[in-house]
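Engineer: One structure, pasted below without further comment.
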Amino acid sequence: MITKLPPYASPLERVWHSAYLLFCAAVFVFLIGPILVIVPLSFNAEPYFTFTKEMISFDPDGYSLRWYKDFLENELWLFSIKNSFIVAIVSTILATSLGTLAALGLASSYMPYRTLVMSLLISPMIVPLIISAAGMFFFYSSIDLAHTFPGVILAHTALGVPFVVITVTATLIGFDRNLIRASQNLGASPTTTFFKVILPLVTPGVVSGALFAFITSFDEVVIVQFVAGPEQRTVPLQMWSGIREQISPTILAVATLLVCISIALLTVLELLRRRTERLRGLSPG
């Protein structure tokens, strides 16, 4: 987090702070630059991946929504986006449920082999995707789940669980377990305690993990190439196939829409983070 220098900062500290800000700005431009190029190109009136003279001169005739229209009218794109939402929503629900339960179990001091279990749960974030994809393909092929929707959903669930475990575990830091004991002393069942006491307190972490799991599933392409079949083609896989088989600026329009979706979800995450800090008294209301 970038903070302002105090008034008594020395000249050397001010120079170092300015250099730090300049470096951060350069990294930001380096990362965001490709996106800034893709967005205007998606409105190109010509079927090119370069800026035309009309676009550079800001001529209205050089801009068009034809590629967005092509995306909305193309059956292949509509089929792939339907599959992406089905897979992402179902895998997010499974990953959120399993990850939340796992995080609650790992938060207990009576949980044996906590470090080993945590390492296994977050291993999909560490192992290269190509290795995970190859392993899932051979495993799912042996049990007839390859090239099926359940196989793709389970694969994306495995990718989403680590995000939920990490976010919920972070939310549970400082959790007062006396609240659980008080609920039990008042006669509440474990189910009532979970839904009335525990879940409201960990909801920000659960929602954050669910959003991360959704983004991961919606943007994933490596594992889909191994596990999915023609009937499970998703938007990232359709984009990959389009680049290899038929280059069309429609891909730029789809990429722009995906960027907008990601920005919206990340904005929700930031609002949740600020709300959690206010509830815990870490930031002013």
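The values are calculated or read from the model by the stated rules, or taken from the named source; none is laboratory data. Computed from a predicted structure; not experimentally measured. Glycine also receives a Cβ, built like all others from the backbone with ideal geometry; neighbour counts cover every protein chain displayed.
Engineer: Give me a count of the residues in segment 77-124 that are closer than 30 Å to residue 229 by Cβ and in contact with a Lys or Arg (Cβ under 8 Å, 6 or more places away or on another chain).
Structural biologist: Residues meeting the conditions: 3.
Engineer: Find the residue count for segment 162-190, including only residues that are of a type in the set (S, T, N, Q), under 26 Å from the mean Cα position of the chain (by Cα) and exposed (fewer than 14 other Cβ atoms within 10 Å of the Cβ).
Structural biologist: 0
Engineer: Here's a follow-up. So, residue 194, is that one of a type in the set (Phe, Trp, Tyr) and either within 22 Å of the chain's Cα centre (by Cα) or not assigned by TED's automatic domain parsing to the domain that holds residue 225 (or both) or not?
Structural biologist: Considered against the rule, which asks whether it is of a type in the set (Phe, Trp, Tyr) and either within 22 Å of the chain's Cα centre (by Cα) or not assigned by TED's automatic domain parsing to the domain that holds residue 225 (or both), residue 194 comes out as no.
Engineer: Pull out all pairs, ordered by first then second residue, where Cβ-Cβ is under 8 Å, the residues are six or more apart or on different chains, the first lies in segment 180-203 and is basic (Lys, Arg), and the second is surrounded by 13 or more Cβ atoms within 10 Å (Cβ to Cβ).
Structural biologist: 196/183; 196/188
Engineer: Another question about this same structure. Anything in segment 244-261 that is assigned to a helix (DSSP H, G or I) and either in contact with a strand residue (DSSP E or B) (Cβ under 9 Å, 6 or more places away or on another chain) or at pLDDT 85 or above (or both)? List them, or say none.
Structural biologist: Of everything in segment 244-261, those that are assigned to a helix (DSSP H, G or I) and either in contact with a strand residue (DSSP E or B) (Cβ under 9 Å, 6 or more places away or on another chain) or at pLDDT 85 or above (or both) turn out to be 250, 251, 252, 253, 254, 255, 256, 257, 258, 259, 260, 261.
Engineer: On the given criteria, is residue 94 within 30 Å of the chain's Cα centre (by Cα) and exposed (fewer than 13 other Cβ atoms within 10 Å of the Cβ)?
Structural biologist: For residue 94, the condition - within 30 Å of the chain's Cα centre (by Cα) and exposed (fewer than 13 other Cβ atoms within 10 Å of the Cβ) - is not met.
Engineer: What are the residues in segment 39-69 that are part of a helix (DSSP H, G or I), in contact (Cβ under 8 Å) with a residue 40 or more places away in the chain and crowded, with 16+ Cβ neighbours inside 10 Å, if any?
Structural biologist: Answer for segment 39-69, where residues must be part of a helix (DSSP H, G or I), in contact (Cβ under 8 Å) with a residue 40 or more places away in the chain and crowded, with 16+ Cβ neighbours inside 10 Å: 41, 67, 68.
Engineer: Condition (residue is over 19 Å from residue 65 (Cα atoms) and of a type in the set (Ser, Thr, Tyr)) applied to segment 242-260: is it met by at least one residue?
Structural biologist: No, the conditions are met nowhere in segment 242-260.
Engineer: Among (1) surrounded by 10 or more Cβ atoms within 10 Å (Cβ to Cβ); (2) in a helix (DSSP H, G or I); (3) not assigned by TED's automatic domain parsing to the domain that holds residue 237, where does residue 31 come up short?
Structural biologist: Residue 31 satisfies every listed condition except (1).
Engineer: Taking segment 63-91 as the region of interest, how many residues are farther than 16 Å from residue 250 by Cα and either among the small types (Gly, Ala, Ser) or more than 24 Å from the chain's Cα centre (by Cα) (or both)?
Structural biologist: Counting residues in segment 63-91 that are farther than 16 Å from residue 250 by Cα and either among the small types (Gly, Ala, Ser) or more than 24 Å from the chain's Cα centre (by Cα) (or both) gives 3.
Engineer: Is it fair to say residue 163 is outside any helix (DSSP H, G or I) and in contact (Cβ under 8 Å) with a residue 40 or more places away in the chain?
Structural biologist: In short, no.
Engineer: Here is a further query. Just checking, how many residues over segment 98-115 are surrounded by fewer than 19 Cβ atoms within 10 Å (Cβ to Cβ), closer than 12 Å to residue 163 by Cα and of a type in the set (Gly, Ala, Ser)?
Structural biologist: Qualifying residue count for the region: 0.
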